[in-house]
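Notes for the one structure printed next.
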Amino acid sequence: QVQLVESGGGLVQPGESLRLSCAASGSIFTRNVMGWYRQAPGKQRELVAIMTHSEDINYADSVKGRFTISRDNAKRAVYLQMNSLKPDDTAVYYCYFAQLGSRHWGQGTQVTVSS
């Protein structure tokens, strides 16, 4: 089993920044994918950014140039630096972990961007 613990959400004003963190524990193998999805009220969960163990990265078009994903394999952690936040970024952000054909989700952390 894999457990994911997220932190770093909150309420910010448009244009401000936040950094999300997620730490994985449990049965972790070297080859995996870690990242972030989000779900806004009334919308489906969508990809934000994911990163493989070999540092291949995929971003949603809506966050390119504003968000940066990174990971620390030694700490089994993934981070999401979010800059120039917009009201449309308001959502619950979920940490994502996949390995050996299985997927795991964090409990979610709320990010609210509002003036």
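Of all the listed residues (SER115, SER62), the sole one being of a type in the set (S, T, N, Q) and part of a helix (DSSP H, G or I) is SER62. Taking SER114, is it exposed (fewer than 15 other Cβ atoms within 10 Å of the Cβ), polar (S, T, N, Q) and at negative phi? Yes: the conditions hold for SER114. For the residues ARG76, ARG38, ARG45, ARG71, the requirement of being in contact with a strand residue (DSSP E or B) (Cβ under 8 Å, 6 or more places away or on another chain), within 23 Å of SER115 (Cα to Cα) and among the charged types (D, E, K, R) singles out ARG38. Just give me the residues in the stretch 104-115 being within 14 Å of CYS22 (Cβ to Cβ) and of a type outside the set (A, V, I, L, M), in sequence order. Of everything in the stretch 104-115, those that are within 14 Å of CYS22 (Cβ to Cβ) and of a type outside the set (A, V, I, L, M) turn out to be HIS104, TRP105, GLY106, GLN107, GLY108, THR109. Quick one: what pairs do we get from the stretch 17-31, first residue farther than 18 Å from GLN107 by Cα and without any contact (Cβ under 8 Å) to a residue 24 or more places away in the chain, second among the charged types (D, E, K, R) and open to solvent by less than 50 Å² (accessible area, probe 1.4 Å), C-beta under 7 Å, 6+ apart or different chains? Matching pairs, first to second residue: none at all. Just one of (1) of a type in the set (Gly, Ala, Ser); (2) within 18 Å of SER7 (Cα to Cα); (3) open to solvent by 40 Å² or more (accessible area, probe 1.4 Å) fails for SER62. It is (2).
Across the stretch 35-72, what is the number of residues that are in contact (Cβ under 8 Å) with a residue 40 or more places away in the chain and among the polar types (S, T, N, Q)? Count: 1.
A count restricted to the stretch 4-55 and to residues that are farther than 20 Å from LYS75 by Cβ, open to solvent by less than 40 Å² (accessible area, probe 1.4 Å) and assigned to a loop (DSSP other than H, G, I, E, B) stands at 1.
The values are calculated or read from the model by the stated rules, or taken from the named source; none is laboratory data. Note that this is a predicted model, so its numbers are computed, not measured. Don't worry about glycine lacking a Cβ; one is built from the backbone with ideal geometry, like all the others, and counts go over all protein chains shown. Keep in mind that these areas ignore ligands, DNA and RNA; they rest on the heavy atoms of the full protein, side chains included. Shrake-Rupley method; radii C 1.70, N 1.55, O 1.52, S 1.80 Å.
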